[in-house]
1. Calculated FRET efficiency, Ile251 and Arg385, Cβ-Cβ r, R0 25 Å, to nearest 0.05?
2. DSSP loop (so not H, G, I, E, B), at most 14 other Cβ within 10 Å: list which chymotrypsin sites (Phe, Trp or Tyr not before Pro) in the stretch 213-250 pass both filters.
3. Quote to one decimal, in nm, the extra length available between Val26 and Ser424 on full extension: 0.36 nm per residue of separation minus the C-alpha distance between them.
4. If R0 is 30 Å, what FRET efficiency do you get for His310 and Val12 from their C-beta distance, rounded to 0.05?
5. What does the net charge come to around Gln368 if you take all other residues with beta carbon closer than 14 Å to its beta carbon, with K and R at +1 and D and E at -1?
6. For helix 391-414, report the angle its Cα long axis makes with the longest principal axis of the Cα atoms of the chain; keep it between 0 and 90° and round to the nearest 10°.
7. Sorted from fewest to most neighbouring beta carbons within 10 Å, what does the list Leu155, Leu112, Leu319 look like?
8. What is the distance in Å between the Cα centres of the stretch 207-255 and the stretch 281-297?
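Nothing in this text is a laboratory measurement; each read-out follows from the coordinates by a stated rule. Keep in mind it's a predicted model, so treat the numbers as computed, not measured. Note: ideal-geometry Cβ built from the backbone for every residue, glycine included; neighbour counts use all protein chains shown.
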Amino acid sequence: MIGAATLGTFIVLLLLGVPLAFGIGVASLVGLAMLGVPSSAIIAMQFFEGLKSFPLVAIPLFLLMANLMTVGGVTNALVGFATSLIGHVRGSLAIGNVMASTLFAGISGSCLADTTAVGSIMIPAMVKEGYPPAFAGAVTAAANIVGPIIPPSILMILYGFAAEQSVAKLFLGGVVPGLMLSLAFGLLAFWMSKRYSFGSVEHAFSVMNVLRAFVAAIPALIIPALIVAGVVWGVFTLTESAGAAALYALIYAVMRGIVQGRIPWNELADAFRRTAIDTAVVMILIGGSNLLSWVLARSQLPQLIVTSMHGFSQWATLLLINLLLLVFGMFLEPAASILLASSILLPLAKSIDVNLIHFGIMMIVNLQIGVLLPPIGASALIASRMAGISFERQIQALFPFVALGFATLILVTYVPALSVWIPSYFGG
């Protein structure tokens, strides 16, 4: 009863438009009052408990790396490399959009950052080339949901913290599902471009153009290898890899500025400022979500959910979990969703003997589809603004991409090997 009232309070506040952090805080206070627990000491303790995990230090470092790489002009290099590979076929800009987004996912790990960075270049270019604005926005929004699925990923760090799972294994587990999504979206973009005669052939294929574009993109392509290979092979820890990547990004941005004759000090300062703000937001969400999770656990809500699902098959339980996650993803920011959903659903996942690496990848794929769906649809909203169309029109254009996303989610859910084969191969 207490857990349901606490969760209900949070949902009502969310629907009323109360900022997420305040909604979490008020709902937690309601739950504490109903439990009869002194609130001030518990609030401080649970906030601190939620933030004292050392791996969380990687979050601001990864955010800083992404912001610094954007200052270094990495987006242009990745877009140039992607389009050089397929510029000789119809729909090359649409396919290049998907490829560039996939490459950028290995650097940023943030869906909205990727949508903004890649979309600012690709959407105007696609519209100029004759692609419908809604299609250009749909390709961009859909392609960039792979950002937190392909490593590095802030969502995987948060899930690993909540579920006490190896972040390195989660990184590896996201590779196949992320590439599956990118391949599906790329094929759909190609088919639609050919079917409806979108765009035109950019240029004839040239090995020299590809090599030049590849050389220009090498500084950016080093980042995923530096992070994933270093962690998996034990060269350094997750936090150390994030620090190394951030330092590399800073050196790259400064050296690029020296080559161009102007070090972008203002842009660098802005990158640090954005990182500080984004880190503060994420940490407030982590601390608040840990408090709310503690209240829900004390109220026995997760145990009640497990008891109510007793007798359901694993297949049916996973289906119901996915439906619940879709609701989370439609209304909540993914970082908050992963923390709150983990506190509620992890006991249920353990009760049906689901591999927790597989479960984490399933959760992240599901929640990323949510950023394309109304009423919030953050990625779709950003793309629609860049394309100069209404949010409603953008949602309509996204329908075939969302359908492919759901098909991929079903495969990820019911074929665990897609998520656990690579981690088991490398991690034992």
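1. Here the calculated transfer efficiency is 0.15.
2. Answer in residue order: Trp233.
3. Length gained between Val26 and Ser424: 139.1 nm.
4. E between His310 and Val12, to the nearest 0.05, is 0.55.
5. Charge balance in the 14 Å sphere: -2.
6. Roughly 70 degrees, rounded to the nearest 10.
7. Leu319, Leu112, Leu155
8. Cα centroid of the stretch 207-255 versus Cα centroid of the stretch 281-297: 33 Å apart.
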